Amino acid sequence: MKEQRVILTDWRPDRSSHLPVYQQIIQYISENIRTGIWGLGYLLPTQRDMAASFQVNRSTIRTVMEELASYGIVESNQKAGTRIVGNTWSLMLSSKNYWTDTVTEGSFHSNQLMIQTINRMEFEEGILRLGTGEPDPSLFPKEMWGKAITKLQRLDSLGYLEPLGMLALRCAIADYAVQKGIHCTPQQILITSGSLQALQLISVSLLGKDSVVYTEEPSYLNSLNVIQSAGISLTSISMDPEGILFHKIPAVEKRSRILYTIPANQNPTGITMSKARRKQLYEYCALHQIPIIEDGAYEELYYESQPLPIKAMDHSDLVLSLGTASKTLSPGLRIGWVIAQEAVVARLGDVKMQMDYGASSVSQLIFLEFLQSGMYQEHCSFLRKEMCERRDHAVITMRNVLGDLVEFDIPGGGFYLWVRVKAAIPMDKLFEEALKAGVLLNPGDIYTKDSTRRLRISYAYLKKEEFTKAVKMLGKCIDSLLRK
C-alpha cells in the first residue's frame, strides 16, 4: 500500500494577526488532523518544503515540530521523516467534542488524501483544472435543456417512482441500447443515481466480504473506496494497447469473484479494448464463470468507430452493463442505469429503495425527454466532434510545450491523455508545485497501487486557451523541480 502523504495547499499564516506565526501553523496542522483531512500515519512534508510553502524560516518550522511532538501528535525519524502519530492535543480543548473520536469509526473508508485535496480545490476560484473528468460547462446544451424543462411544466404532481425507475425511461433506454447491439427488456434495467451508485449497489448486494474484484491496471476503481469499504479485495490485472490481459486472471480462485472493466476509452489510460480482445475476454470469463461489470461511462465519446459493448455478445447473462449521462449530458443530472438479468436487477432495485427510495423523479423525466426527442443523440454527436478537436489541440500543445519531457499515446476517444513524465520527479511534489501555480492535476498514483510518474491530463474541461495556459504552467513546474 502506498504511503499517505500530507498535501499542502495555498494556506499562509496571517502576518497581521496578533497570534505568533508559529502558533498559527500549529493551529493549522492541528485542525487538519482534528477534522480528519490529515489522518494518523500520514507523512508530513519535509521542514524545507513546509517552510517554503508557509513562507517562513526553517527555524520556525523546527519550533512547530518540537511543540507538536511534545503533544504526542507527530514523531520524527531521520529515515522515515515526520509522521502524524496521534491527536491527543484534542484533550486540551476547552470542551470535549464527541465527534473527534468517532468521525472515522464508520465502515466506509476515507478517500486518499490527494483525492480529498482535489475534490476540495476543484471549487476554488481561479484554479485551472487540468485533470477534471467532465465536459466543459460551456458545452451544456442550454437550448435543449429549456425544451426538456418546458415539458415538465405540464406536470400535475411529482411523486415517488417504481422501484426500478420510471417505466417509460427504462423503455427508452432499452430502445437506445438496441443501437449498441444490446437487446433487453425494461425489467432488466435499473435506474440509478449515476453509475457510481451502481457500483456501490453491486458491492453491497451481490458480493460477499470474501469476494475479489479484478480490475485493469491502472483503473478508475483504484481511486475509489466504494468496493474496499464493503470488505472486498481488489486485484489488478495489467493491460496492453488492446486492453486487459485476461489470461493473467487466475483460472482457479477459492473466493467468489467478478471483473470490472471500462473497455471503451478507459479511465485513466484512454485505451479502447479491441473487438478480438473483448470476444476472448468474454469467452474466458464465461468458461471460468467470472461475471463482468462493464462500465460504459465513455462509450458515447468515440471519435471514429469502436467495437460493440461486451454486453452485446452476452448470451448467458454474465455481464452487468453500466451506463450514465454524467460524461455526456450533465454530471449534476445524476442519472445512470444497470442492464442485467432480471433477478439481479430486482435485487439491486430492492437495495436501492432502502438507500434513497429511487433516483430523482425530475432527473428521470428530463433524461426521458432527451432520449425520446432525439436531443440526447444529437448532443452526443456534437460532443464527440468537440472532444475530438480538443484532443487534437491537446496533443499539439503537449508536444509543443513539453516536448521530450513527456510521452503519451493518442486516444481514440474519451477525455484523457495518460501522460508519462520522463524525469524522475515525485508526483506528489509536482502536484504541490502545480497547485501553488494555480493548476490542479490528477497524478497517476491515484489509479494504481504502485508509484508511477504518470498524469491523467483531461482536455475535456478547460477551453483550448485555458488548456494551453495550464500546460505552460505545468512545464514551468517540471523545470523548477528538475533544477532542485
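Where in the range 424-451 is the amide nitrogen less than 19 Å from a point lying 7 Å along the Cα-to-Cβ axis of Glu466? The answer is 434-443, whose backbone nitrogens lie closer than 19 Å to the label point. Each of the peptides 155-166, 430-441 was scored by the mean count of other Cβ atoms within 10 Å over its residues; in descending order, highest first, they stand as 430-441, 155-166.
A protection proxy built from the mean count of other Cβ atoms within 10 Å ranks the segments 266-274, 242-250, most packed first, as 266-274, 242-250.
Out of all DSSP beta bridges with both ends in the chain, state the antiparallel percent to the nearest 5. Working shown, then result.
Working: 24 of 44 bridges.
DSSP beta bridges in the chain are roughly 55 percent antiparallel.
Where a ≥ b ≥ c are the square roots of the eigenvalues of the C-alpha gyration tensor, would you call the range 123-225 rounded, which needs a/c under 1.5, or, failing that, prolate if a/b is larger than b/c, or oblate?
Details: a/c = 1.89, a/b = 1.12, b/c = 1.69.
Oblate, because a/c is 1.5 or more while a/b does not exceed b/c.
Is it possible to state the helix-based mean residue ellipticity at 222 nm for the chain, with each DSSP H run of 4+ residues giving -39500 (n - 2.57), the sum divided by total residues, to the nearest 500 deg cm²/dmol? What is it? It would help to have the intermediate numbers written out before the result.
Values: 14 runs with 181 residues, N = 484.
Calculated from helices alone, the mean residue ellipticity at 222 nm is -12000 deg cm²/dmol.
Sorting 170-178, 372-380 by their mean Cβ neighbour count within 10 Å, with the most densely packed peptide first, gives 170-178, 372-380.
Selection among Gln197, Gln280, Val338 by position relative to the dipole of the range 142-377 gives Gln197 as farthest towards the positive end (Cβ unit charges, Cα centre). For the range 142-377, the share of DSSP beta bridges that are antiparallel, to the nearest 5, is 35%.
Only one of [x] 25.6; [y] 22.1; [z] 36.8 was calculated from the structure for mean projected area of the Cα convex hull in nm², and its label is [x]. Magnitude of the charge dipole for the chain, about its Cα centre and with charges confined to Cβ atoms of Lys, Arg (+1) and Asp, Glu (-1), is about 920 debye. For the range 270-326, rounded, prolate or oblate, judged on the Cα gyration tensor with a ≥ b ≥ c (square roots of eigenvalues), a/c < 1.5 rounded, else prolate if a/b > b/c? Oblate, because a/c is 1.5 or more while a/b does not exceed b/c. Taken as Cα centroids, the range 130-172 and the range 247-263 sit 36 Å apart, rounded to the nearest whole angstrom.
Rule-based calculations on the coordinates, nothing more; no lab input. Keep in mind that this is a model prediction, so the values were computed, not measured. Glycine also receives a Cβ, built like all others from the backbone with ideal geometry; neighbour counts cover every protein chain displayed.
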